[in-house]
Amino acid sequence: MSEPRPHMLGIYLNDHLAGATGGAELARRTAREYRRSPFGPDLEDIAVQIMEDREALRAMMTELGVPVRRYKIAGGWLSGKAGRLKPNGRVVRRSGLSTLVELEALRIGVEGKAMLWHTLLDAADHDTRLEPDRLTELLGRARRQRTVLESLHDTVAAALFAPGRQEERESAVNP
């Protein structure tokens, strides 16, 4: 197999950059909203890592000579902002459902990012411009992020849907 066609690689990387932009926006907002909760430190760490991973992707695009498509970045940023508009069963305040859905969205984004690193790692066998060690490191980090998000998700889901007093559920899943 030869090097990926530059046009296809550019589209692929720009699509992931758009997703990473939306994911970074969501991660920052979620970490900020939960900074005083028991989830705060984990979410802050995840948010920092997601932003670092986005920058790693941008640097990789530069090294590969792939131009950044600003309209795709803008679309990713807007999708991150639009995520705040989801219905959650409440008009003004956050709901525990907001927390659950945000954790699910972060998990989906991390899963997509892991697939990106996995795909590029496979392509590194045929494209010497890609650094297998760096891609392996990024893939491992995405897998660790997935584990943390899964644990947080399970905790929130159990608190939200477990029988018990409403006040206890709300304090467990709302900042």
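The values are calculated or read from the model by the stated rules, or taken from the named source; none is laboratory data. Worth saying up front: this structure is predicted, and the values here are computed from it rather than measured. A quick note on method: Cβ atoms are made from the backbone with ideal geometry, for glycine too, and the neighbour counts reach across all protein chains shown.
Observations on the structure shown:
- Just so you know, in segment 41-67 the residues that are of a type outside the set (A, V, I, L, M) and either under 18 Å from Ala105 (Cβ atoms) or not in a helix (DSSP H, G or I) (or both) include one that is modelled with the lowest pLDDT, and it is Pro67.
- Residue within segment 128-138 that is outside any helix (DSSP H, G or I) and among the basic types (Lys, Arg) present: yes
- Condition broken by Ala123, with the remaining ones in (1) modelled with pLDDT of 95 or more; (2) touching a Pro at 6+ places or on another chain (Cβ under 7 Å) satisfied: (1)
- Applying a threshold of 6 Å to beta carbon distances and a minimum spacing of six or more residues, or different chains, the list of pairs starting in segment 1-18 at a residue that is over 14 Å from Leu120 (Cα atoms) and ending at one that is charged (D, E, K, R) and at pLDDT below 90 reads Ala18/Lys72.
- For segment 5-30, a residue qualifies if it is surrounded by fewer than 18 Cβ atoms within 10 Å (Cβ to Cβ) and acidic (Asp, Glu), and exactly one does: Asp15.
- When Arg93, Arg84, Arg70 are checked against the criterion of being out of contact with any helix residue (DSSP H, G or I) (no Cβ under 7 Å at 6 or more places or on another chain), closer than 30 Å to Thr128 by Cβ and modelled with pLDDT under 95, Arg70 stands alone in meeting it.
- Scan of segment 97-118 for residues that are surrounded by fewer than 21 Cβ atoms within 10 Å (Cβ to Cβ) and touching a residue at least 24 places away in the same chain (Cβ under 8 Å), ordered by number: Leu97, Leu100, Glu104, Ala105, Arg107, Glu111, Gly112, Ala114
- Qualifying residue in segment 130-143 (condition: modelled with pLDDT under 95 and within 17 Å of Ala20 (Cβ to Cβ)): no
- Selection status of Ala172, exposed (fewer than 14 other Cβ atoms within 10 Å of the Cβ) and at pLDDT below 95: no
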